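Okay, structure first, notes after.
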Amino acid sequence: LTNRPGSLPYKLEGCIMEYGYIRVSTREQNEHRQLIAMQEFGISESRIYMDKQSGKDFERKNYKKMVRKLKKDDTLVVKSIDRLGRNYDEILEQWRVITKEKQTDIVVLDMPLLDTRQSRDLTGTLIADIVLQLLSYVAQTEREFIRQRQAEGIAAAKQNGVQFGRRPMERPASFCTLKTQWINREISARAAARQLGVTHSTFLRWAKEYDG
(Lines give C-alpha, C1' and ligand atoms only; values in the text may rest on other atoms or scores of the structure.)
Protein backbone atom coordinates (compact mmCIF):
# COMPACT_ATOMS: atom_id res chain seq x y z
CA LEU A 1 0.00 0.00 0.00
CA THR A 2 1.22 3.49 -0.74
CA ASN A 3 1.23 4.52 2.92
CA ARG A 4 4.14 2.15 3.50
CA PRO A 5 7.57 3.80 3.49
CA GLY A 6 9.34 3.42 0.15
CA SER A 7 6.26 2.24 -1.73
CA LEU A 8 5.85 4.12 -5.01
CA PRO A 9 3.11 3.49 -7.57
CA TYR A 10 4.30 2.52 -11.06
CA LYS A 11 2.81 4.62 -13.83
CA LEU A 12 3.49 4.89 -17.56
CA GLU A 13 2.81 8.17 -19.33
CA GLY A 14 -0.35 8.03 -21.45
CA CYS A 15 -1.66 4.84 -19.81
CA ILE A 16 -5.12 4.70 -18.25
CA MET A 17 -4.81 3.71 -14.61
CA GLU A 18 -7.13 2.30 -11.97
CA TYR A 19 -6.61 3.46 -8.39
CA GLY A 20 -8.16 2.27 -5.17
CA TYR A 21 -8.73 4.34 -2.06
CA ILE A 22 -9.15 2.85 1.42
CA ARG A 23 -9.96 4.74 4.60
CA VAL A 24 -10.38 3.50 8.14
CA SER A 25 -11.21 5.86 10.99
CA THR A 26 -8.68 4.68 13.57
CA ARG A 27 -5.63 2.48 13.80
CA GLU A 28 -7.76 -0.14 15.53
CA GLN A 29 -10.02 -0.64 12.52
CA ASN A 30 -9.18 -3.37 10.03
CA GLU A 31 -8.81 -2.38 6.39
CA HIS A 32 -8.78 -6.02 5.23
CA ARG A 33 -12.33 -6.04 3.80
CA GLN A 34 -11.69 -2.95 1.69
CA LEU A 35 -8.34 -4.29 0.51
CA ILE A 36 -9.91 -7.57 -0.66
CA ALA A 37 -12.55 -5.62 -2.60
CA MET A 38 -9.84 -3.61 -4.37
CA GLN A 39 -7.88 -6.71 -5.26
CA GLU A 40 -10.99 -8.46 -6.57
CA PHE A 41 -11.62 -5.44 -8.78
CA GLY A 42 -8.13 -5.98 -10.18
CA ILE A 43 -6.25 -3.03 -8.75
CA SER A 44 -2.59 -3.70 -8.09
CA GLU A 45 -1.32 -3.11 -4.56
CA SER A 46 1.02 -0.34 -5.73
CA ARG A 47 -1.98 1.76 -6.81
CA ILE A 48 -4.00 1.38 -3.62
CA TYR A 49 -3.88 4.41 -1.33
CA MET A 50 -4.90 4.20 2.31
CA ASP A 51 -5.44 6.64 5.16
CA LYS A 52 -6.06 5.65 8.77
CA GLN A 53 -7.83 8.85 9.63
CA SER A 54 -11.24 10.37 10.31
CA GLY A 55 -13.45 11.14 7.32
CA LYS A 56 -14.56 14.51 8.67
CA ASP A 57 -12.53 16.31 5.99
CA PHE A 58 -10.18 15.61 3.09
CA GLU A 59 -6.96 16.78 4.73
CA ARG A 60 -5.46 13.29 4.38
CA LYS A 61 -1.92 12.75 3.18
CA ASN A 62 -2.41 9.73 0.93
CA TYR A 63 -5.77 10.85 -0.43
CA LYS A 64 -4.23 14.13 -1.60
CA LYS A 65 -1.25 12.29 -3.04
CA MET A 66 -3.60 10.01 -5.01
CA VAL A 67 -5.73 12.88 -6.35
CA ARG A 68 -2.61 14.58 -7.71
CA LYS A 69 -1.92 11.47 -9.80
CA LEU A 70 -5.41 11.16 -11.28
CA LYS A 71 -5.78 12.09 -14.93
CA LYS A 72 -8.42 11.94 -17.65
CA ASP A 73 -10.08 8.52 -18.10
CA ASP A 74 -8.38 7.00 -15.05
CA THR A 75 -10.68 5.23 -12.59
CA LEU A 76 -10.90 5.71 -8.83
CA VAL A 77 -12.49 2.86 -6.86
CA VAL A 78 -13.85 3.05 -3.31
CA LYS A 79 -15.71 0.35 -1.37
CA SER A 80 -18.50 2.68 -0.20
CA ILE A 81 -19.24 6.38 -0.29
CA ASP A 82 -18.45 6.85 3.41
CA ARG A 83 -14.91 5.57 2.77
CA LEU A 84 -14.44 8.59 0.54
CA GLY A 85 -15.57 10.86 3.38
CA ARG A 86 -18.33 11.76 5.82
CA ASN A 87 -18.79 15.48 5.27
CA TYR A 88 -21.75 16.01 2.93
CA ASP A 89 -20.58 19.22 1.27
CA GLU A 90 -16.98 18.09 0.92
CA ILE A 91 -17.93 14.74 -0.64
CA LEU A 92 -19.88 16.56 -3.34
CA GLU A 93 -17.00 18.98 -3.92
CA GLN A 94 -14.43 16.18 -4.21
CA TRP A 95 -16.73 14.28 -6.57
CA ARG A 96 -16.93 17.39 -8.75
CA VAL A 97 -13.16 17.89 -8.72
CA ILE A 98 -12.45 14.28 -9.65
CA THR A 99 -15.14 13.77 -12.28
CA LYS A 100 -15.31 17.27 -13.81
CA GLU A 101 -11.87 18.84 -13.36
CA LYS A 102 -9.75 15.69 -13.43
CA GLN A 103 -12.22 13.91 -15.78
CA THR A 104 -11.55 10.72 -13.83
CA ASP A 105 -14.20 8.05 -13.42
CA ILE A 106 -15.36 6.95 -9.96
CA VAL A 107 -16.68 3.51 -9.03
CA VAL A 108 -18.41 2.95 -5.67
CA LEU A 109 -18.46 -0.83 -5.30
CA ASP A 110 -21.36 -1.00 -2.84
CA MET A 111 -23.57 1.17 -5.06
CA PRO A 112 -23.57 0.17 -8.76
CA LEU A 113 -25.49 3.34 -9.71
CA LEU A 114 -22.41 5.31 -8.66
CA ASP A 115 -20.24 4.15 -11.53
CA THR A 116 -19.43 7.04 -13.85
CA ARG A 117 -18.00 4.66 -16.46
CA GLN A 118 -21.58 3.70 -17.25
CA SER A 119 -24.32 5.89 -18.72
CA ARG A 120 -22.24 8.95 -19.57
CA ASP A 121 -25.31 10.63 -21.12
CA LEU A 122 -27.29 13.35 -19.34
CA THR A 123 -29.75 10.90 -17.76
CA GLY A 124 -27.00 8.69 -16.37
CA THR A 125 -25.14 11.69 -14.97
CA LEU A 126 -28.32 13.02 -13.38
CA ILE A 127 -29.08 9.68 -11.72
CA ALA A 128 -25.53 9.40 -10.36
CA ASP A 129 -25.68 12.95 -8.99
CA ILE A 130 -29.02 12.33 -7.25
CA VAL A 131 -27.84 9.05 -5.71
CA LEU A 132 -24.57 10.65 -4.62
CA GLN A 133 -26.30 13.55 -2.91
CA LEU A 134 -28.71 11.21 -1.16
CA LEU A 135 -25.99 8.84 0.07
CA SER A 136 -23.72 11.69 1.13
CA TYR A 137 -26.57 13.24 3.09
CA VAL A 138 -27.36 9.90 4.77
CA ALA A 139 -23.68 9.37 5.67
CA GLN A 140 -23.41 12.77 7.34
CA THR A 141 -26.80 12.49 9.05
CA GLU A 142 -25.87 9.11 10.49
CA ARG A 143 -22.64 10.60 11.87
CA GLU A 144 -24.60 13.44 13.49
CA PHE A 145 -27.10 10.96 14.96
CA ILE A 146 -24.25 8.95 16.47
CA ARG A 147 -22.84 12.07 18.13
CA GLN A 148 -26.31 12.98 19.40
CA ARG A 149 -26.91 9.50 20.84
CA GLN A 150 -23.49 9.56 22.51
CA ALA A 151 -24.23 12.95 24.08
CA GLU A 152 -27.65 11.78 25.26
CA GLY A 153 -26.15 8.59 26.68
CA ILE A 154 -23.47 10.51 28.58
CA ALA A 155 -26.06 12.96 29.95
CA ALA A 156 -28.29 10.10 31.12
CA ALA A 157 -25.35 8.30 32.73
CA LYS A 158 -24.30 11.46 34.58
CA GLN A 159 -27.83 11.83 35.94
CA ASN A 160 -27.49 8.28 37.30
CA GLY A 161 -24.23 9.16 39.05
CA VAL A 162 -21.77 7.76 36.51
CA GLN A 163 -18.57 9.80 36.41
CA PHE A 164 -16.53 10.21 33.25
CA GLY A 165 -12.95 11.20 32.66
CA ARG A 166 -9.80 10.51 34.63
CA ARG A 167 -10.27 9.59 38.28
CA PRO A 168 -9.06 12.36 40.60
CA MET A 169 -5.57 11.78 41.96
CA GLU A 170 -5.65 10.70 45.59
CA ARG A 171 -3.79 12.92 48.04
CA PRO A 172 -0.82 11.21 49.72
CA ALA A 173 -0.98 10.69 53.47
CA SER A 174 1.65 13.37 54.01
CA PHE A 175 -0.47 16.04 52.31
CA CYS A 176 -2.14 17.31 55.51
CA THR A 177 1.19 17.73 57.28
CA LEU A 178 2.74 19.55 54.33
CA LYS A 179 -0.32 21.75 53.94
CA THR A 180 -0.10 22.75 57.59
CA GLN A 181 3.59 23.57 57.18
CA TRP A 182 2.78 25.62 54.08
CA ILE A 183 0.03 27.55 55.91
CA ASN A 184 2.49 28.24 58.75
CA ARG A 185 5.02 29.38 56.10
CA GLU A 186 7.44 26.67 57.13
CA ILE A 187 7.67 25.37 53.57
CA SER A 188 6.93 26.77 50.12
CA ALA A 189 4.17 25.43 47.91
CA ARG A 190 6.73 24.31 45.33
CA ALA A 191 8.75 22.43 47.93
CA ALA A 192 5.59 20.75 49.24
CA ALA A 193 4.60 19.78 45.71
CA ARG A 194 8.04 18.25 45.07
CA GLN A 195 7.76 16.12 48.21
CA LEU A 196 4.31 14.94 47.15
CA GLY A 197 5.44 14.23 43.60
CA VAL A 198 2.84 16.54 42.03
CA THR A 199 2.89 19.86 40.23
CA HIS A 200 2.86 23.20 41.98
CA SER A 201 -0.63 23.95 40.62
CA THR A 202 -1.96 20.58 41.82
CA PHE A 203 -0.77 21.23 45.36
CA LEU A 204 -2.38 24.67 45.40
CA ARG A 205 -5.63 23.24 44.05
CA TRP A 206 -5.64 20.52 46.69
CA ALA A 207 -4.93 23.07 49.41
CA LYS A 208 -7.87 25.18 48.23
CA GLU A 209 -10.29 22.25 47.94
CA TYR A 210 -9.32 20.39 51.10
CA ASP A 211 -10.11 21.96 54.42
CA GLY A 212 -9.42 18.95 56.59
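What the table below lists for this structure:
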| read-out | value |
| --- | --- |
| Pick from the range 99-141, criterion among the acidic types (D, E) and modelled with pLDDT under 80, ranking: surrounded by the fewest Cβ atoms within 10 Å (Cβ to Cβ) | D121 |
| Check on Q94, under 24 Å from K71 (Cβ atoms), touching a Phe, Trp or Tyr at 6+ places or on another chain (Cβ under 8 Å) and of a type outside the set (F, W, Y) | yes |
| Some residue of the range 49-70 being out of contact with any Gly (no Cβ under 8 Å at 6 or more places or on another chain), of a type in the set (F, W, Y) and over 23 Å from H32 (Cβ atoms) | no |
| Only one of I81, I48 that is at pLDDT 90 or above and open to solvent by less than 50 Å² (accessible area, probe 1.4 Å) | I48 |
| Near pairs, Cβ below 9 angstrom, 6+ apart or cross-chain, from the range 146-159 (at negative phi) to any residue that is β-branched (V, I, T) and not in a helix (DSSP H, G or I) | I154/V162; A156/V162 |
| Hey, A157 part of a helix (DSSP H, G or I) and modelled with pLDDT under 75 or not | no |
| Every residue from the range 189-211 that is open to solvent by 100 Å² or more (accessible area, probe 1.4 Å) and over 38 Å from the mean Cα position of the chain (by Cα) | R190, R194, Q195, K208, E209, D211 |
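The values are calculated or read from the model by the stated rules, or taken from the named source; none is laboratory data. Bear in mind the structure is a predicted one, so any value in this text is a computation, not a measurement. Backbone-built Cβ (ideal geometry, glycine too); neighbour counts: all protein chains shown. Surface accessibility is based on the protein's heavy atoms, side chains included, excluding ligands, DNA and RNA. Shrake-Rupley method; radii C 1.70, N 1.55, O 1.52, S 1.80 Å.
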